[in-house]
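S.K.: Right, I'll just put the structure down here and ask away after.
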Amino acid sequence: MKKITIILSLLLLGVFAIAQPRGRHDDFEKYKALKVSFMTEKLELTPQEAQQFWPIYNEFDKKRFETHQKRRELEEQVKTNYDKYSESEFKKASYEIIDQAVKESSLLKEYHEKFLRVLPAKKVVIIGQVENEFRFKMIREYRQREREGDDRK
């Protein structure tokens, strides 16, 4: 398993080392590839598990991102219009924000069931932890590049 992960990581890093960055899309694709490699290794996914897990996870991650973005937009609208909103507008906005949070929770529950169909519970239970670990790793690396004055941000 570790050999597969190492080979996958080296292959992905080699591709990115050769390719010239072309903007945010490339950065996002690189981020996704690093996330796949990191999570595959940390979850110790077998090739069969990875083949079944990643399409489900990618679908979940896309829906979760869209729902989260909608909630953030609503929160930003409240912040922007804070001095203009009436009590009824605040009430409406608060319900819309809560509805988005509930949708996020529902997605988590729905996809938890889907993950359990393709992975053992031992792996499913740590998906969120591994996601956070990856996110913090990326933040640390970004901050390190900032300190070093690297232009590749």
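S.K.: Could we say that residue 38 is within 15 Å of the chain's Cα centre (by Cα), among the hydrophobic types (A, V, I, L, M, F, W, C) and surrounded by fewer than 13 Cβ atoms within 10 Å (Cβ to Cβ) here?
M.R.: no
S.K.: If you don't mind, another one. Return yes or no: is residue 79 among the basic types (Lys, Arg), assigned to a helix (DSSP H, G or I) and under 30 Å from residue 42 (Cβ atoms)?
M.R.: So residue 79 does not fit the description; no.
S.K.: For the stretch 35-43, check the following and say yes or no: at least one residue is modelled with pLDDT under 95 and small (Gly, Ala, Ser).
M.R.: No.
S.K.: Can you tell me which residue within the stretch 76-124, out of those that are of a type in the set (Val, Ile, Thr), over 16 Å from the mean Cα position of the chain (by Cα) and surrounded by 13 or more Cβ atoms within 10 Å (Cβ to Cβ), is modelled with the highest pLDDT?
M.R.: By that ranking, first place goes to 118.
Residues are listed down the side, and each one gets a yes or a no for (1) charged (D, E, K, R); (2) touching a residue at least 60 places away in the same chain (Cβ under 8 Å); (3) closer than 20 Å to residue 30 by Cβ:
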site	(1), (2), (3)
61	yes, no, yes
66	yes, no, no
94	no, no, no
98	no, no, no
108	no, no, no
113	yes, no, no
133	yes, yes, yes
138	no, yes, yes
149	no, no, no
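The values are calculated or read from the model by the stated rules, or taken from the named source; none is laboratory data. Only a predicted model underlies this, so the values are computations on that prediction, with no experimental measurement involved. In this analysis, Cβ positions are derived from the backbone assuming ideal geometry, glycine residues included, and neighbour counts consider all displayed protein chains.
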